[in-house]
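This report refers to the structure that appears directly beneath it.
Every read-out reported here was derived from the displayed coordinates using simple, explicitly stated rules and does not represent laboratory data. Computed from a predicted model, the values in this text were never measured in an experiment. FYI the Cβ positions are ideal-geometry reconstructions off the backbone, even for glycines, and counts take in every protein chain you see.
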Amino acid sequence: MTTFRRIALPALAAVALISGCSSGSGTAATPPPAAPTTPDAIPTVTASQEPQATEAAEEPTPTEEPAVVADAAPNETDKTFASTLITHNLQAYDLTGLAATAAGDQWVRDFAAEIRAAREPEVQTLKAWLSEWAVEPLERGKPMPGLISDKDMADLAGSAGAAFDERFVALMIEHQKGALALAEEETAGGEFGPGIQMANAIIESGRKHLKELQKYQKSLK
């Protein structure tokens, strides 16, 4: 009995020690704390990625102002054009003035009024040019393109109604052709800028008026 207890006690103690160690090793180990998360890293911008400053637009090179060229002085063609045209226009006053009271057709009256209105500013401009150039207007009755004779003017003044309309249109056709001839001479040989501009305007309107007169003349036949 004594021998058994001496052997058994140390053995039981050993078993208890082993059991205690086994139960401690069976407990689940506490996992290590997770590493703290860090916010997304802010991307860095390299020098090559930095937005480049927009290059300042180059200022336009100032263009040189065109040299102002003074109007050429009038030559003999310009002076002849002005001195003849003003007398030519005054005869147009006579023709259109008669139409205002003697014409039978309203179309003739309206046409005459349109011609008269166009001639008035031309006469004023021509007077100023001639005064500046110390040039006299061409005398009435002197030869010029489209000149209406005194006899034709007298016959026109002595008619009225349909007879007047027919004579007026025929004389105005010749008169318009004369104005075109004067203007064409100016554009061909003149040097005075405003004179050439007036001539071009006369050509443009004169061709239009001539066609209207010729069309009306055909309707009378």
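Observations, loosely collected:
- Against the rule of thumb 2.2 N^0.38 Å, how large the Cα Rg of segment 76-219 comes out: 1.03
- Entry note, segment 76-219: relative contact order of 32 percent, from Cα contacts under 8 Å with a spacing of 6+ residues.
- Rounded if a/c under 1.5, otherwise prolate or oblate - segment 168-221, Cα gyration tensor axes: prolate
- Applying a DSSP loop filter and a limit of 16 other Cβ atoms within 10 Å to the trypsin sites (Lys or Arg not before Pro) in segment 73-175 leaves R140.
- When the GluC sites (Glu not before Pro) in segment 136-221 are filtered for DSSP coil states and for at most 14 other beta-carbon atoms within 10 Å of their beta-carbon, the remaining sites are E139.
- Segment 76-219: Lys pairs at Cα distance under 20 angstrom, eight or more positions apart or on different chains: 11
- Sites E76 and K211 - FRET efficiency at Förster radius 30 Å, r taken between beta-carbons, to 0.05: 0.40
- Scattering curve values for segment 111-169, log₁₀ I(q)/I(0), Debye with Cα scatterers, q = 0.16, 0.23, 0.30 Å⁻¹: -0.74, -1.08, -1.15
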